[in-house]
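Trainee: I have a structure here, written as structure tokens, and I will follow up with some questions on it.
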Amino acid sequence: MILFDWGTYNGLSKLKIAATLGMKLTEIPPYDFAKKGRSEEYFASYREMARPAFTTVTAHAPYYNVVSTDKEVMERSWKGLLSAARMAKIAGAEIFNLHLGWRAFMDERDLEYAIDFLKKLASEADENMVISVEVPYTPRMLGDWDEIRAMREEIGEERLIVSVQLENVWMYEKKVYETGYFERANAETSEEFWSHVLAKTLSLSSKYLSLRFSQVIGFALGSRILKKRVPLGKGYPSLEPLARALAKFMVKEVRHKNLPLRMHVIYTGPPSTKYHDTLSLYAAIMAEAVKHL
């Protein structure tokens, strides 16, 4: 039995590389859905190539803000995301992952519009496809823990789950988005911190336990602290306490308790080093997991 599915994002031309390296998961990247000229035939070919090689196919929606004060802009975003979900179905994706984007109104309307969109997405996407919503790294973005809980109540707990981009949660929980103190926050991050994050993830999961990771550095844009993804070993947060917490959680809290969940970890770092880094991430987690098996 596989402890967890693992892999990274791959366009059609890179599927053979990921499969050759032994990855169990592939994700259709957001640019495949945003790029002009990507036909249904492209996504059908993706399905045919991925089906025999991977246990899990996920799709990452393009980066369109779900909410806008401009009605026409919001309608275009919704249209683009719904089109992406239809293409993801053709490609055989089991999970449609999306980042809800920046808040527009900074009040309850943001959540209300997001829920309206997710209801529409759930009704038009493949009925067997699970929708996963990413937790953001700043309160200026939609999708915190409580909001995802509210979304699940409206859409259905079997249909919508949390997608935890681990460095986002780290920035959010440690308020790095506010202080910019990446080094200090990293020094204060323990295995227990990650265990707490994983427990919260489990409470908002069904069918799948969806995790993502890349290390980041920060930069200021006006009053905002933004993140930039960097190769593994070149940024924050540190991998070691995370790998220990992940391994212990996967073995003791999911596998040993026979929970009906499929776990996966998707590496989301820079394209230039993503295959090397995906292997390193998998190896780090499994080196800790073997201690508990």
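Trainee: I'd like the carbon and sulfur percentage of the solvent accessible area for region 5-290, probe radius 1.4 Å, heavy atoms only, ligands and nucleic acids excluded. Spell out each step's value before the answer.
Mentor: On the way: 6370 of 12580 Å².
About 51 percent, which is the carbon plus sulfur part of the accessible surface.
Trainee: With every protein chain kept in place and ligands, DNA and RNA left out, what is the accessible area per residue of the chain? Probe 1.4 Å, answer in Å².
Mentor: Working: 13190 Å² over 293 residues.
Ligands and nucleic acids excluded, the figure is 45 Å² per residue.
Trainee: Per DSSP H run of n ≥ 4, the term is -39500 (n - 2.57); total these for the chain, divide by its residue number, and report the mean residue ellipticity at 222 nm rounded to 500 deg cm²/dmol. Present the calculation step by step, with values, prior to reporting the outcome.
Mentor: Numbers: 12 runs with 127 residues, N = 293.
Theoretical 222 nm ellipticity from helices: -13000 deg cm²/dmol.
Trainee: Right, here's the next one. For the cross-link pairs LYS174/LYS200; LYS24/LYS79; LYS200/LYS257; LYS119/LYS207; LYS16/LYS291; LYS174/LYS274, which exceed 22 Å when the distance is taken from alpha carbon to alpha carbon?
Mentor: Details: LYS174/LYS200 15 Å; LYS24/LYS79 31 Å; LYS200/LYS257 17 Å; LYS119/LYS207 19 Å; LYS16/LYS291 32 Å; LYS174/LYS274 26 Å.
Over 22 Å Cα-Cα: LYS24/LYS79; LYS16/LYS291; LYS174/LYS274.
Trainee: By DSSP, what percent of the beta bridges with both residues in region 5-290 are antiparallel, rounded to the nearest 5?
Mentor: On the way: 10 of 42 bridges.
Given both bridge residues lie in region 5-290, the antiparallel proportion sits at roughly 25 percent.
Trainee: Could you pull out every residue, at least 5 positions away or on a different chain, whose amide H is within less than 5 Å of the one on LEU261? Hs are placed 1.01 Å off N in the peptide plane, and Pro or chain starts have none.
Mentor: Under 5 Å from the amide H of LEU261: no residue qualifies.
Trainee: Going through region 129-169, which trypsin sites (Lys or Arg not before Pro) have at most 14 other Cβ atoms within 10 Å and a DSSP loop state? Kindly include the intermediate steps, with their values, before the conclusion.
Mentor: Details: sites: ARG140, ARG149, ARG152, ARG159; in loops: ARG140, ARG159.
The qualifying sites are ARG140.
Trainee: Please give the contour-minus-distance gain from ARG86 to LYS257: 0.36 nm per residue of separation, less the Cα-Cα distance, rounded to one decimal in nm.
Mentor: Numbers: separation 171, 0.36 × 171 = 61.56 nm, distance 3.56 nm.
Extending this stretch completely gives an extra 58.0 nm.
Trainee: Applying a 10 Å radius around every beta-carbon, put 78-86, 221-229, 26-34 in order of their mean neighbour count, most first. Intermediate results must be reported in sequence, preceding the final value.
Mentor: Values: 78-86: 17.8, 221-229: 12.6, 26-34: 21.8.
Going by the mean number of other Cβ atoms within 10 Å, highest first, we get 26-34, 78-86, 221-229.
Trainee: Take each of the peptides 206-217, 44-55, average the number of other beta-carbon atoms within 10 Å over its residues, and list them starting from the highest.
Mentor: 206-217, 44-55
Trainee: Moving on. Hey, rough spin-label estimate for HIS196 and LYS14, points 7 angstrom out along Cα→Cβ, what's it come to in nanometres?
Mentor: Reported label-point gap for HIS196 and LYS14 is 3.5 nm.
Trainee: Report the gain in length on full extension from GLU153 to ARG140: 0.36 nm times residue separation, minus Cα-Cα distance, nm rounded to one decimal.
Mentor: Numbers: separation 13, 0.36 × 13 = 4.68 nm, distance 2.25 nm.
Between GLU153 and ARG140, full extension yields 2.4 nm more.
Trainee: Is there a quick way to get the dipole size of the chain? I mean about its Cα centre, with the Cβ of Lys and Arg at +1 and of Asp and Glu at -1; what is the value in debye to the nearest 20?
Mentor: Values: 40 positive and 37 negative charges, 177 e Å.
Its charge dipole is roughly 860 debye.
Trainee: Something else: Under 13 Å from the Cα of LYS228, which aspartates and glutamates turn up, not counting those fewer than eight places away in the same chain?
Mentor: Result set, ordered by chain and number: GLU167.
Trainee: Which whole-Hz ³J(HN,Hα) couplings does region 217-228 yield from phi under the Karplus relation 6.51 cos²θ - 1.76 cosθ + 1.60, θ = phi - 60°, glycine and proline marked x?
Mentor: 10, x, 8, 9, 10, x, 8, 9, 9, 10, 10, 10
Trainee: Let me ask something else. LYS175's amide H: which non-local residues (gap 5+, or another chain) put their own amide H closer than 5 Å, with H modeled 1.01 Å from N in plane and none for Pro or chain starts?
Mentor: Counting only residues 5 or more places away or on other chains, the set is empty.
Trainee: Using a cut-off of 10 Å between beta-carbons, work out the net charge of the residues near ASP5 (Lys and Arg +1, Asp and Glu -1, ASP5 not included).
Mentor: On the way: positive: LYS24, ARG262; negative: none.
With Lys, Arg at +1 and Asp, Glu at -1, the neighbours total +2.
Trainee: Further, regarding this structure: If amide hydrogens are placed 1.01 Å from N in the peptide plane, which non-local residues have theirs closer than 5 Å to the one on SER163?
Mentor: VAL133, GLU134, VAL135
Trainee: From the phi angles alone, apply the Karplus equation (6.51, -1.76, 1.60; θ = phi - 60°) to region 146-153 and give each ³J(HN,Hα) in whole Hz, x where the residue is Gly or Pro.
Mentor: 5, 5, 5, 4, 5, 5, 5, 5
Trainee: Here's another thing I want to ask about it. Go through (1) 39, 25, 14; (2) 26, 24, 19; (3) 31, 23, 18 and flag the label whose value is the computed semi-axes √(5λ) of the Cα gyration tensor in Å for this structure.
Mentor: Recomputing semi-axes √(5λ) of the Cα gyration tensor in Å here gives the entry labelled (2).
The values are calculated or read from the model by the stated rules, or taken from the named source; none is laboratory data. For clarity, every value in this text was computed on a predicted model and none was experimentally measured. Cβ: placed from backbone, ideal geometry, glycine included. Neighbour counts: every protein chain shown. All accessible areas refer to the heavy atoms of the entire protein, side chains included, with ligands and DNA or RNA removed. Shrake-Rupley method; radii C 1.70, N 1.55, O 1.52, S 1.80 Å.
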